[in-house]
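Quick note: the coordinates plus some simple rules give every number you see, no bench work behind them. Keep in mind that what you see is a predicted model, and the values were worked out from it rather than measured. Positions of Cβ are backbone-derived with ideal geometry, glycine not excepted, and every protein chain shown enters the neighbour counts.
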Amino acid sequence: MRKSIVSDKIKAFSLAISFAAMSVLIAPLSSSAKDSEEDSYIVDTSDIGKDTHGVVTSDQFLELGVPTPNALRIEGEQAMRMGKLDRAIMVLQRSIELAPMDMDGRILYGEALEKKLIRQKERDPKLYNYTLKQWLFVAKNAEFADQGMQGFNHLYKLCGVVPKRWEKEKKYLEKVLIPEDGSVKVVIGKRPVAM
């Protein structure tokens, strides 16, 4: 007899809690139509992303004040994936200005520069030289061996020559950089030769 009274009280209590929860959930749905019309701008995103095929990018990073290097690196990586190389280069350049020894950011920056260089019909000698310098910096200053190897691999891919073991950066750059006046044509994968 005592057990049935206790179980009846538990059932009544759980039923009361269920009704209370339902009333809390139903209350926002029963608000007036006037309130929902006034607040419709909050959820209306029809104008956002029209020119980007529904994808909203976070362009606010540069305008919000103090972006972090990591946030900029992520934004640059996303821009590269979407094929916006100029945007990626701009954001990644800002990232490495804030954190010059961040090799992950510098590697992404080098990749963006290299992709832009490879896509050019008439390759820019200034961009070629600048990209080589970025990869040399990665190769020589990387904290981890895999990052350094990435730098050496990209140098070899771009100019066909990597620095020798004890070769100074200045001597290597004299060997691989080309004049920026256009007198030497940029050829990817081969050591530059004067025309």
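Worth pointing out:
- Hydrodynamic radius (Kirkwood) for the stretch 59-119, which is based on Cα pairs only, to one decimal in Å: 11.1 Å
- Neighbours of D181, meaning other residues whose beta-carbon lies under 15 angstrom from its beta-carbon, give a summed charge of 0 when Lys and Arg score +1 and Asp and Glu score -1.
- FRET efficiency for the N153 to R119 pair, using the beta carbon distance and R₀ = 25 Å, is estimated at 0.80.
- Converting phi to 3J(HN,Hα) with the Karplus coefficients 6.51, -1.76 and 1.60 and the offset θ = phi - 60°, the stretch 91-100 yields 5, 5, 5, 5, 4, 7, 5, 6, 9, x Hz in sequence order, with x at every glycine or proline.
- Rg(Cα) / (2.2 N^0.38 Å) computed for the stretch 122-195, rounded to two decimals: 1.07
- Between I188 and S14, the simple spin-label model (points 7 angstrom out along Cα→Cβ) gives 6.7 nm.
- Spacing of the modelled spin labels on D181 and E97, each 7 Å from Cα toward Cβ, amounts to 3.1 nm.
- Global form of the stretch 102-151, assessed from the alpha-carbon gyration tensor, a/c cut-off 1.5: prolate
- Taken along the Cα-to-beta-carbon direction at a fixed 7 Å, the label points for E169 and Q78 span 3.2 nm.
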